[in-house]
1. Sorted by accessible area with a 1.4 angstrom probe, largest first, how do TRP213, TRP221 fall?
2. Which loop-located trypsin sites (Lys or Arg not before Pro) does segment 205-293 contain, where loop means any DSSP state but H, G, I, E or B and the Cβ has at most 12 other Cβ atoms within 10 Å?
3. Taking 8 Å as the Cα distance limit and 6 or more residues as the minimum spacing, I'd like the relative contact order of the chain as a percentage.
4. Counting Lys and Arg as +1 and Asp and Glu as -1, what is the net charge of the other residues whose Cβ lies under 14 Å from the Cβ of ARG232?
5. Mind checking which helices in the chain clear 27 Å along their axis (Cα) and have mean Kyte-Doolittle hydropathy of 0.5 or more, DSSP H runs only?
6. Might you work out the accessible area of PHE39 for me, using a 1.4 Å probe with all protein chains in place, and round it to the nearest 10 Å²?
7. Provide, as a two-decimal number, the C-alpha radius of gyration of segment 2-162 over 2.2 N^0.38 Å, N being how many residues it has.
8. Where a ≥ b ≥ c are the square roots of the eigenvalues of the C-alpha gyration tensor, would you call segment 43-110 rounded, which needs a/c under 1.5, or, failing that, prolate if a/b is larger than b/c, or oblate?
Amino acid sequence: MNIAFIGLGNMGGKMAQNLLKSGLTVYGFDLSEVAIQHFTEAGGIVCDSPQAAAQHADVVISMLPAAKHVKEVYLGENGVLSVLKAGSLCIDSSTIDPQTIKDIAEVGAEKGIKICDAPVSGGTIGAQAGTLTFMVGSDDAVFEQAKTVLQHMGKNIVHCGDVGAGQIAKICNNLILGISMAAVAEGMALGAKLGIDPQALAGVVNSSSGRCWSSEVCNPWPDISANAPAGRGYTDGFATQLMLKDLGLAIEAAGQVKQPILLGGLVQQMYQQLCLQGNAHLDFSSIIQQYLPPQA
Ligand code: NAD
């Protein structure tokens, strides 16, 4: 099976490496020279456009920053849909709005090309280890076909429903995550101010009803969770600007169906402020800085 991989950044680069380790042939394209260099070193075949990569492929996988990049790669002048054969499969793993992938799938269907959304959870560590969770939106037959490829990059491959349902699952999960991280930051900062040892507080929370991923695995207070970004200056994690993007997607989707997003709207403003303060690239657990006195 030949694969075209478009978008070889922090996530895509590591996912493509796992496909190569499984012995698959991978043709790749990215705009970044650094990304291309890592891909070549791992044994990938570099192409000079998405179209050129897709010409060799039975399956296209994309891992791009946002919807405008996904539209360009599939529907643009050098887009992959103009060269793929009928019967080919495209899997978009970027986190984008549900409507964009539905629109692209409609264009694909006119050409007999199967398209599904498969956004991921697990971050760069999961991408490297090949333990990502994929949230797939497609019909049953396309899901079964996509699974044979996704199993080389992930551990949990979940069928969420028709095209777009994977993105719905992803943006709702990240809405909950963005809120829960702010809640843990607020509680940890209050506890410290009131005089309890943060280690003791985290110990209680993590064996009580306040326990969640943000308190246990990625606690925003430094040196509570092993290997969490808080222990290394909030670097090498899930960037605040990506969390801000995902909250924007949830709020936009909620607006379309007139569903209130109360806490999501509030924390979106907090992450927005964090970005404005120059922390867009720091892990989103750095939201705890909104509760602490400025560092000298
Ligand atoms: P990234 O910025 O590291 O990588 C994106 C890559 O796409 C870059 O290398 C960029 O050069 C390339 N690119 C942009 N436009 C392109 C185009 N037109 N053609 C080809 N390549 C193009 O981002 P990332 O962290 O890998 O995230 C990718 C997606 O995965 C995002 O939608 C993000 O929200 C999602 N995601 C990220 C994480 C994470 O922890 N980083 C976790 C889950 C989901």
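1. Working: TRP213 125, TRP221 60 Å².
Ranked list, largest accessible area first: TRP213, TRP221.
2. The qualifying sites are LYS258.
3. Values: 575 pairs, mean separation 37.2, N = 296.
Relative contact order here is 13 percent.
4. Net local charge, ARG232 excluded: -3.
5. 165-194
6. Accessible surface of PHE39 is approximately 10 Å².
7. Values: Rg = 13.9 Å, N = 161, 2.2 N^0.38 = 15.2 Å.
Taking N as the residue count of segment 2-162, the ratio is 0.91.
8. It is oblate, given that a/c is not under 1.5 and a/b is not larger than b/c.
The values are calculated or read from the model by the stated rules, or taken from the named source; none is laboratory data. No experiment lies behind these values; they were computed from the predicted model shown. Note: ideal-geometry Cβ built from the backbone for every residue, glycine included; neighbour counts use all protein chains shown. Surface accessibility is based on the protein's heavy atoms, side chains included, excluding ligands, DNA and RNA. Shrake-Rupley method; radii C 1.70, N 1.55, O 1.52, S 1.80 Å.
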